[in-house]
1. Would you confirm, using the coordinates I've provided, whether Arg72 is modelled with pLDDT under 70, open to solvent by 30 Å² or more (accessible area, probe 1.4 Å) and of a type in the set (Lys, Arg)?
2. Quick one: how many residues across the stretch 120-152 are closer than 11 Å to Pro103 by Cα and among the hydrophobic types (A, V, I, L, M, F, W, C)?
3. Give Ala178, Ala142 a once-over and let me know the one that is of a type in the set (A, V, I, L, M) and farther than 27 Å from Trp263 by Cα.
4. Output yes when any residue across the stretch 92-108 is in contact with a Phe, Trp or Tyr (Cβ under 8 Å, 6 or more places away or on another chain) and at pLDDT below 90, and no when none is.
5. Select, from Val119, Val135, Val123, the only residue that is out of contact with any strand residue (DSSP E or B) (no Cβ under 8 Å at 6 or more places or on another chain) and open to solvent by 30 Å² or more (accessible area, probe 1.4 Å).
6. Can you name the residue in the stretch 177-221 that is closer than 27 Å to Glu124 by Cα and part of a strand (DSSP E or B) and, of all such residues, is most open to solvent (accessible area, probe 1.4 Å)?
7. Name the pairs: first residue in the stretch 226-239 and within 15 Å of Gly264 (Cβ to Cβ), second residue open to solvent by 70 Å² or more (accessible area, probe 1.4 Å) and part of a strand (DSSP E or B), Cβ to Cβ under 7 Å, at least 6 apart or on different chains?
8. Pairs only if they're at least six apart or on different chains, beta carbon under 6 angstrom, first in the stretch 62-79 and assigned to a loop (DSSP other than H, G, I, E, B), second open to solvent by 70 Å² or more (accessible area, probe 1.4 Å) and modelled with pLDDT of 75 or more; list them, first residue then second.
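The values are calculated or read from the model by the stated rules, or taken from the named source; none is laboratory data. Values in this document were obtained by computation on a predicted structure and should not be read as measured data. Note that each Cβ is placed from the backbone with ideal geometry, even for glycine, and that neighbours are counted across all protein chains shown. The protein model used for the area step is the full one, side chains on, heavy atoms only, and it has no ligands, DNA or RNA in it. Shrake-Rupley method; radii C 1.70, N 1.55, O 1.52, S 1.80 Å.
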Amino acid sequence: MLRWISLSLAIVSTLGCVASAPSQPDAEPVVCSDAWYRLVEQRLGTGDGQGHGPDIGSAEWKSVVEFKLGIRGDTGIPDPATAQWCDHIEQRLQSRPSVASGPAFNCDGDALSAAEKRVCSDVELASLDRQLSQVYQQALEATDRHDRPTLKAEQRGWIKGRDECWKSRDITQCVDVAYRHRIAALQAQYRLVAYSEAVRFVCNDNPADEFVVTFFQTEPETAIMERGDRVSLMYRQPAASGARYQGRNESFWEHQGEARIRWGYQADELRCVPVRQP
């Protein structure tokens, strides 16, 4: 697995159909299938907003689903281990009022942060929260189970960073940027969007001084630059000409066939050229 820098910053599994049935790419997921479980998670959100939550499809998860729907303990609920339970839950979901304009987390809590309150009151921020929830789930599915605790910890760290937006003069803009950068970071790190072939750059005419850069079609656009065992995620910045990307302490600017790279805080600028593959 690629090595990544820590960020206070998978493609969704393809499900096969019954062999005798024709492909239905636009059909709703079959009730009780893995795809249906993921859809229920997107619609209800069983996590606590801090990167914690039961495994989707588990008995604990089904119990939380019942709680979210307000039916836990009701008589007449089918056995959660049966397909009838799934049918019952689907019927309940379809009868609920639409909440498509809200975020993935519950806005009724008493301990919401200032940033969360802003998300709950802003349609565009709520949409970004739903998008992040979906992308985060895709990233979890693309991650080896042994590495998931790290991803969950990074997500909790990002949430704490987002909540610091209360200090900003423009909290809405701060929260907006936080969401867009986090979504782009996950999409790039876990290869959830289209990306270029890796491009090698040699600096100072020294083949040993080499960088490898991959560009991703995220919003904003991102690039991942690698040098030895170090990796930097960078976001595209406005530039009068060429393509400029900025990371935490690294930068990359490609202009007229040459790249200028800074690798580290106050590091000297390197002049680099791409190495064309034969």
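1. Numbers: modelled with pLDDT under 70: no; open to solvent by 30 Å² or more (accessible area, probe 1.4 Å): yes; of a type in the set (Lys, Arg): yes.
Taking the combined requirement at face value, the residue does not satisfy it.
2. Taking the stretch 120-152 as the starting set, the residues that turn out to be closer than 11 Å to Pro103 by Cα are 120-133.
Filter again for among the hydrophobic types (A, V, I, L, M, F, W, C), leaving 120, 123, 125-126, 128, 132.
Qualifying residue count, the stretch 120-152: 6.
3. On the way: Ala178 fails: farther than 27 Å from Trp263 by Cα.
On inspection, the qualifying residue turns out to be Ala142.
4. Residues of the stretch 92-108 in contact with a Phe, Trp or Tyr (Cβ under 8 Å, 6 or more places away or on another chain): none.
No, that holds for no residue.
5. On the way: Val119 fails: open to solvent by 30 Å² or more (accessible area, probe 1.4 Å); Val135 fails: open to solvent by 30 Å² or more (accessible area, probe 1.4 Å).
Matching residue, one of Val119, Val135, Val123: Val123.
6. Residues of the stretch 177-221 closer than 27 Å to Glu124 by Cα: 177-195, 215-221.
Among the residues that remain, those that are also part of a strand (DSSP E or B) are: 195, 215-216.
On the way: Tyr195: 114, Phe215: 44, Phe216: 5 Å².
Here the residue is Tyr195.
7. From the stretch 226-239, the pairs are Met234/Gln246.
8. Leu69/Arg92; Pro78/Gln84
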